[in-house]
Amino acid sequence: MRRDLLALTVDDLIILSNRGMVKRAQKELGKFTFTLSEEGDGTVTVRWSDGAECVLPAGKTVGEGQCNCAATTICRHLIRSVLAYQQTDAGSQARPSLLGPASDRASQPWDPGQITDEMLAEHFGRATLTRMRKLFEEGHVVELVRSSKPTAFIHTLSITLRFLVPGDVRYTHCDCEGQAPCRHVPLAVWAFRLLEADKPGGIVSTRKMMWPVPDQLLDDIGRSLQDFAGAGLAGVSQALMDRFRRLEARCRVEGLVWPAEIIAEIVQEHERYASHDARFSPTRVAELMGELCVRSDAIRSNVDTVPQRFIRGTEKDRETRVGTARLVGLGCGVQVHRGGVTLSAYLQEADSGAVVAVCRDFADPPPGAPDPPSPFWRLAQRSVIQGRGQRTSLASLGTKQLLIKGGRRAANYQFMPGRARATANPQAFVWEVLRAPTLAEDFTEIRARLSAQPPTCLRPRRVAALSGALFYVCPVAGVEAARFSVVDQQVQAIVRDITGEQALLIHPYTSRGREGTEALLATLTARPEALCFVAGRVRLGGGGLIIEPVSLLFQEGQSRTMLQPWVARWDGQETGFFPENLVSTTRASDPVLYYPGQVMDALGELFLIGLQRADAQTTRFWQELYRQGAALGFVRFLNPMGQLVDSLSQKSDTLHWDWRPAAQAAFGMSLLARLAQEELPPD
């Protein structure tokens with residue numbers, strides 16, 4: 001019995017050849033007859049009624065098989081022969097069609113770390129292994145998942161490697177251009193050995209040496225933050241903002257990429273405040289300060305529980321010029337924030353597999369303006385890319401395939417198209433060929449990846465990873481119980497993957513996005529069996545996975561269509577699902593969920609006016625907030641909040657009041673509130 005041939009799924013065969021070849025082989029499998037023989041050593045011979053004869057030699061991969069056709073590489077006859085072998089094996093499961101749910105996952109999870117060095121030496125020379133061992137010990141961050149098709153995502157190299165057959169390194173697929181098994185296989189095997197045996201997934205760092213700690217720089221950042229909190233945005237001097245710009249430059253020299261990006265955003269918020277920009281948010285300032293405090297403490301502790309490369313950033317986390325590239329649209333989403341909204345079209349770079357976003361900020365009309373805020377679908381019609389006489393909107397960009405001749409990708413993976421030629425073409429939505437880890441096999445893989453992730457404020461700052469969620473595309477086998485929850489004011493549905501695992505799909509109701517919400521609920525209710533893919537941010541909730549979609553693919557026959565619930569139009573009749581004058585009250589209905597956000601808002605206002613301008617009314621407000629926290633049981637918040645209240649209470653009785661202890665307490669609260677945001681549902 002050839003275990004390697006039985007282990008190959010339809011998805012694996014697509015990886016080894018291409019989708020069209022596998023599709024044709026599947027059609028011909030039922031068209032032609034065959035005779036199959038298997039020798040004692042495992043050599044399989046298949047003779048077909050159309051004259052093709054294929055030999056799959058023992059100890060050889062499918063790609064090394066022999067066929068009497070004119071093809072010089074793997075051909076459809078070899079693929080057809082593998083499918084025939086699986087069909088005739090008494091223990092094999094029936095394979096689903098290519099256009100149906102992805103292949104079965106009958107095999108059990110396994111650990112590539114069990115592959116020995118002796119097994120690696122059979123495929124790699126001593127010089128290659130020595131070179132790879134040196135590269136391994138230089139330090140890399142690897143995200144691992146043990147499953148029926150284990151994967152290793154090497155963050156520092158932007159390489160994803162998947163093991164297709166248990167214990168066989170010949171059947172591996174890597175993003176690099178090397179022929180399997182490529183030189184990254186030993187790196188992945190050694191990384192799996194670092195992962196604890198009882199964990200289905202995790203993130204490991206291969207660096208053994210301790211990272212240098214820039215204590216002086218961190219001290220200077222802390223003093224500057226104290227001065228900022230004392231003066232507040234309303235009274236900060238230009239000299240202090242110039243000091244922040246110098247700190248940003250010093251952070252980049254020291255390799256603290258993400259702290260530098262946070263400081264740059266604080267400076268940007270100050271500029272927005274000074275120019276009366278409606279997009280300015282004092283709460284955002286408090287969030288940035290909290291994240292900077294979290295990362296500074298983690299850098300100073302120098303513990304590699306969370307990889308320091310995640311906390312600090314790497315030399316690759318910088319603005320990059322992009323030449324010729326192909327970007328595949330994955331949908332358009334909306335983030336609502338104080339003073340406006342941000343619309344983001346998400347795309348995957350075909351070569352690197354990275355998920356980038358083309359973003360546009362839209363400020364809300366000022367209070368008292370005659371026109372109400374525009375609905376999301378109208379904002380999404382704004383043109384963002386021009387080329388060859390065509391203009392591409394955000395909504396259209398989420399559905400198309402973009403061919404560009406130039407642009408820039410920021411450190412957070414926001415993509416900024418250049419003035420060079422760009423062409424937007426329709427896509428066929430063949431999402432089976434999207435790159436991992438964005439394309440996940442099933443919900444089990446996503447759960448393993450999310451369980452291994454550190455808090456958002458300690459991981460790489462990507463535009464597609466917000467509020468404890470990560471962006472994934474996952475095949476779906478079914479949907480049920482689609483409904484509108486009046487209590488939560490959101491569309492809810494249970495979606496199942498190909499293994500039967502379930503996840504909760506949610507989409508919030510907003511008055512500006514009502515048409516898209518109507519379209520989503522109507523489509524899920526009318527055609528639940530047609531849903532085949534979901535793309536969006538996925539997070540772990542108390543009951544399991546929660547998917548917040550930016551797009552859904554529905555299949556009718558051989559064609560697929562995309563629905564973007566945030567920006568879609570609804571041309572049908574109103575469903576009557578949504579009562580009139582709905583007002584979002586999800587957070588306010590639960591004081592425990594609402595309280596950390598309330599603290600963050602209060603800190604934003606405190607950093608706006610500055611501690612030196614705080615008065616008796618400010619003190620009474622924080623005393624009441626302390627009382628509420630005590631009643632709700634927020635023990636960790638009470639210590640720094642009590643210190644802040646005591647310090648503010650002493651201000652009126654002290655001639656030369658020192659705001660620094662109050663600032664330190666405020667930073668402690670911003671740190672805790674920032675971490676608490678990981679558990680809050682999105683606004």
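The values are calculated or read from the model by the stated rules, or taken from the named source; none is laboratory data. This is a predicted model, so every value here is computed, not measured. With ideal geometry, Cβ positions are generated from the backbone for all residues, glycine too; neighbour counts draw on all protein chains shown.
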*Conditions (1) crowded, with 19+ Cβ neighbours inside 10 Å; (2) without any contact (Cβ under 8 Å) to a residue 12 or more places away in the chain: number failed by R378*: (1)
*Note down all Cβ pairs under 7 Å where the first residue falls in the range 175-201 and is over 15 Å from L120 (Cβ atoms) and outside the structural domain of L129 (by TED's automatic domain parsing), the second is modelled with pLDDT under 90 and not polar (S, T, N, Q), and they're at least six residues apart or on different chains.*
none
*asked:* Restricting to the range 300-352, give me the number of residues that are surrounded by fewer than 23 Cβ atoms within 10 Å (Cβ to Cβ), modelled with pLDDT of 85 or more, under 30 Å from V213 (Cβ atoms) and aliphatic (A, V, I, L, M).
replied: 1
_If a residue must be more than 29 Å from Q308 (Cα to Cα) and in contact (Cβ under 8 Å) with a residue 12 or more places away in the chain, how many such residues does the range 227-260 contain?_
7
_Residues of the range 268-284 satisfying the condition of being in contact with a strand residue (DSSP E or B) (Cβ under 7 Å, 6 or more places away or on another chain) and of a type in the set (A, V, I, L, M, F, W, C)_ = A278
*Take the residues in the range 544-570 that are among the charged types (D, E, K, R) and farther than 15 Å from E529 by Cα, then tell me which one is surrounded by the fewest Cβ atoms within 10 Å (Cβ to Cβ).*
R569
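Please work out if W566 is modelled with pLDDT of 90 or more and either more than 30 Å from A448 (Cα to Cα) or part of a loop (DSSP other than H, G, I, E, B) (or both). I'd like the intermediate steps shown before the answer.
Values: modelled with pLDDT of 90 or more: yes; either more than 30 Å from A448 (Cα to Cα) or part of a loop (DSSP other than H, G, I, E, B) (or both): yes.
Here the answer is yes, as W566 does meet what is asked.
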*Would you call Q573 surrounded by fewer than 14 Cβ atoms within 10 Å (Cβ to Cβ) and at pLDDT below 90?*
yes
_Spans of strands (runs of 3 or more DSSP E) in the range 30-74 with at least 2 residues in contact with a His (Cβ under 9 Å, 6 or more places away or on another chain)_ = 44-48, 53-56
*Subset of the range 43-57 [in contact (Cβ under 8 Å) with a residue 24 or more places away in the chain and in contact with an Asp or Glu (Cβ under 9 Å, 6 or more places away or on another chain)]*: V44, V46, W48, L56
*Can you pull out the strands (runs of 3 or more DSSP E) entirely within the range 406-453 that have at least 2 residues that are touching a Phe, Trp or Tyr at 6+ places or on another chain (Cβ under 8 Å)?*
407-409
*Can you name every residue in the range 298-349 that is within 30 Å of P366 (Cβ to Cβ), out of contact with any strand residue (DSSP E or B) (no Cβ under 7 Å at 6 or more places or on another chain) and not basic (K, R)?*
V336, H337
_Just checking, does the range 438-455 include any residue being outside the structural domain of L157 (by TED's automatic domain parsing), touching a Leu at 6+ places or on another chain (Cβ under 7 Å) and more than 30 Å from I311 (Cβ to Cβ)?_
no
_Would you confirm, using the coordinates I've provided, whether V473 is crowded, with 22+ Cβ neighbours inside 10 Å and in contact with a strand residue (DSSP E or B) (Cβ under 8 Å, 6 or more places away or on another chain)?_
yes
_Criterion (buried (at least 16 other Cβ atoms within 10 Å of the Cβ) and either closer than 30 Å to L161 by Cα or under 27 Å from the mean Cα position of the chain (by Cα) (or both)) met by exactly one of R295, R272, R250, R193_ = R295
*Report, by residue number, each residue of the range 206-226 that is without any contact (Cβ under 8 Å) to a residue 24 or more places away in the chain and of a type in the set (K, R).*
R223
_Just the residues that are in contact (Cβ under 8 Å) with a residue 12 or more places away in the chain and not in a helix (DSSP H, G or I), please, taken from the range 597-629._
G610, A614
*Can you confirm whether the range 290-302 contains a residue that is of a type in the set (A, V, I, L, M, F, W, C) and either closer than 27 Å to T392 by Cα or without any contact (Cβ under 8 Å) to a residue 12 or more places away in the chain (or both)?*
no
*Can you pull out the residues in the range 275-289 that are touching a residue at least 40 places away in the same chain (Cβ under 8 Å), among the aliphatic types (A, V, I, L, M) and either within 30 Å of P212 (Cβ to Cβ) or buried (at least 17 other Cβ atoms within 10 Å of the Cβ) (or both)?*
V285, A286, M289
*Selection count where residues are in contact with a helix residue (DSSP H, G or I) (Cβ under 7 Å, 6 or more places away or on another chain), part of a strand (DSSP E or B) and either over 20 Å from F443 (Cβ atoms) or not assigned by TED's automatic domain parsing to the domain that holds P565 (or both), scope the range 483-541*: 1
_Count - residues of the range 594-620 that are closer than 15 Å to A229 by Cβ and of a type in the set (K, R)_ = 1
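Checking the condition of a type in the set (K, R) and farther than 30 Å from G516 by Cα, which residue from R338, R326, R318 passes? It would help to see each step written out before you state the result.
Numbers: R338 fails: farther than 30 Å from G516 by Cα; R326 fails: farther than 30 Å from G516 by Cα.
The conditions single out R318.
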*Give the residues of the range 24-42 that are of a type in the set (D, E, K, R), more than 12 Å from A84 (Cβ to Cβ) and in contact (Cβ under 8 Å) with a residue 12 or more places away in the chain, sorted by residue number.*
R24, E39, D41
*Kindly indicate the residue of the range 217-227 that is under 17 Å from H270 (Cα atoms) and under 33 Å from the mean Cα position of the chain (by Cα) and also surrounded by the fewest Cβ atoms within 10 Å (Cβ to Cβ) among those meeting that condition.*
S224
*Could you please let me know if L553 is outside the structural domain of L397 (by TED's automatic domain parsing) and either modelled with pLDDT of 90 or more or not in a strand (DSSP E or B) (or both)?*
no
